[in-house]
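What follows is a set of notes on a single structure, which appears directly below.
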Amino acid sequence: MTTTHALHSLSKQTTRMEDYDPTAMSVMQAQQFIRQFLNPVIEVETLPLRESLGRVLAADIVSPAQVPNYDNAAMDGFAFHADDVNTSSLKVIGIAFAGTPFDGVVGLGQCVRIMTGAMMPQGTNTVVMQEHVRLEGDVIYLMSNPKPHANVREAGEDLKFGQAVLSASHRMLAADLGLIASLGVAEVCVYKPLKVAIFSTGDELVQLGKPLGVGQVYDSNRYTLFGMLKRLGVELIDLGAIADDPAMLEKTLLNAARLADVVITSGGVSVGEADYMKHLLTQHGQVMFWKINMKPGRPLAYGKIQYNTEKSAHYFGLPGNPVAVMVTFYQFVSAALITLMGGFAKPLPMFTVQCVQAIKKAAGRTEFQRGILFEDAGVWKVKPTGAQGSAILSSMSQANCFIVLAEEVGNLEAGTWVQVQVLEGVV
Ligand code: AMP
Ligand code: MG
């Protein structure tokens, strides 16, 4: 879909959405709504294998070879033919090392001493472990009879020639680097990194290194956003903290839409707030303002900002409260960015554990309480981190999971089973 099409359907959707009560938007509805506008960036580049770590493959990796490339021994022992498995003794006629094969042919009644990884000599297809034989001179006596073909890794058993080893859209992780190296492939074709511009909004925000005045706070949101975005592997454009000044906000917003594929701001999207962001966003794009049925993270804006007729950017307006920034990032932004990066956005894994403490919750909104998963006599359980205010960022540092409580759920007694989303490796 072209940008014009996307904008067109966004404004169409906007009209349809007017029938919608934006205060009743559920987490899932908002996720689904956003999903329809996400078309991956299409620019690709070829990189040396190691530099592709964290990037998204733009083409399938097809195996140019088989792995392993030849039948080889999985154990140190003696290689012989399966027809000899029931013999009691075999004559040792040579030795095969990894990297130095035995170059003769092994006949029936014969064997070759073989090391792990060494190529199976001609005439052999079975290995008996050295611990299962008794060696006397150049004869081995089999103390137990191995199964035919035992302890042999067959050529191509890991990867076959011509097989798609990894498919396009796969995000490159440590195992993938090794896997591709095992094929001898030195370069891979990946999507170019997504450009993401961020800025904070608020008159009260102060840069690190400056003293705090009365009623001021340090701009922490740009630091959490930096961390989360860097972990995703995007190209970050940090446009700083902007005061609630319409001219400055407009200039920064348009500059962000010019420079980036995605613009993320924090603060200034609360409904009823005397802020300028909402007005600017309506003027320069199509943006939806939602009061999502969630806690924390109620106000959220999503849409497109138009720099000019040629260039637009996706826009996420996150709430100002520090915990709400992180929660909305994980529930809405992160999956969207992965899709725009050309990858498969998988939902965060969720599973059920017992919560050892009572939980206070009012029915009506999905809550993402911060939790600590811990092991109790071999069983994993969860407890809340403590105070759950949306400005208590220490709760995010202590947490290793979100305790996800559905809209309809109210107060819970200690011992209730709850759903958790694990944050380790995500945050
Ligand atoms: P807002 O959404 O702009 O009404 O902000 C909600 C709350 O989040 C206020 O208490 C703000 O001071 C706080 N806040 C907004 N932006 C930031 C930021 N960048 N860093 C830390 N706190 C912030
Ligand atoms: Mg503000």
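The values are calculated or read from the model by the stated rules, or taken from the named source; none is laboratory data. Quick caveat, the model's predicted, so the values are computed rather than measured. So basically every Cβ, Gly included, is an ideal-geometry build from the backbone, and we count neighbours across all protein chains shown. SASA here: full protein model, heavy atoms, side chains in, ligands and nucleic acids out. Shrake-Rupley method; radii C 1.70, N 1.55, O 1.52, S 1.80 Å.
Helical content of the chain, expressed as a calculated mean residue ellipticity at 222 nm, amounts to -5500 deg cm²/dmol (DSSP H runs of 4 or more residues, -39,500 (n - 2.57) each, divided by residue number, nearest 500).
At the residue level, residue 294 shows approximately 0 square angstrom of accessible surface with a 1.4 angstrom probe and all protein chains present. Accessible surface area normalised per residue over the chain is 48 Å², counting heavy atoms of protein chains with a 1.4 Å rolling probe. With the simple model of a label 7 Å out from the Cα in the direction of the Cβ, residue 350 to residue 182 spans 3.5 nm.
Segment 278-321 and segment 90-134 have Cα centres separated by 69 Å. Here the Karplus curve 6.51 cos²θ - 1.76 cosθ + 1.60, taken at θ = phi - 60°, turns the phi angles of segment 319-335 into couplings of x, x, 4, x, 6, 4, 4, 5, 5, 5, 4, 6, 7, 10, 7, 4, 4 Hz, with x standing for Gly and Pro.
With the whole protein complex present, residue 385 retains an accessible surface near 30 Å², based on a 1.4 Å probe. I'd like the antiparallel share, as a percent to the nearest 5, of DSSP beta bridges with both residues in the chain. Among the beta bridges of the chain, antiparallel pairing accounts for roughly 70 percent. Out of every Cα-Cα pair that the chain contains, those further apart than 32 angstrom amount to 54 percent.
In this structure, the amide hydrogen of residue 166, modeled 1.01 Å from its nitrogen in the peptide plane, lies closer than 5 angstrom to those of 61, counting only residues at least 5 positions away or on a different chain. Between the amide H of residue 133 and those of 143, distances stay under 5 Å, these residues lying 5 or more places away or on another chain, with hydrogens modeled in the peptide plane. To the nearest ten degrees, helix 3-17 and the longest principal axis of the Cα atoms of the chain are 60 degrees apart. Put 253, 412 in order of accessible area, highest first, and with a 1.4 Å probe you get 412, 253. Does segment 350-422 classify as rounded, prolate or oblate by the C-alpha gyration tensor (a ≥ b ≥ c root eigenvalues; a/c under 1.5 gives rounded; else a/b over b/c gives prolate, otherwise oblate)? Since a/c reaches 1.5 but b/c is at least a/b, the shape of segment 350-422 is classed as oblate. What the pair-distance distribution of segment 277-427 shows, using all Cα-Cα distances binned every 10 Å from zero, is 11, 35, 32, 15, 6, 1, 0 percent.
To the nearest 10, the accessible area of residue 314 is 20 Å² with a 1.4 Å probe. Computed over the alpha carbons of segment 72-153, Rg followed by Dmax gives 10.7, 30 Å. Taking amide hydrogens as placed 1.01 Å from N in the peptide plane, the amide H of residue 290 sits under 5 Å from those of 300, 301, 302, each at least 5 positions away in sequence or on another chain. When only alpha carbons are used to place a centre, segment 20-71 and segment 225-267 end up 23 Å from one another.
Computed in the context of the full set of protein chains, the accessible area of the chain at 1.4 Å probe radius has 54% of its extent on carbon or sulfur. The listed residues 284, 132, once ranked by accessible area (1.4 Å probe) with the largest placed first, stand as 132, 284. Over the Cα atoms of segment 220-261, the radius of gyration divided by the Kirkwood radius equals 1.01; this is the Rg/Rh ratio.
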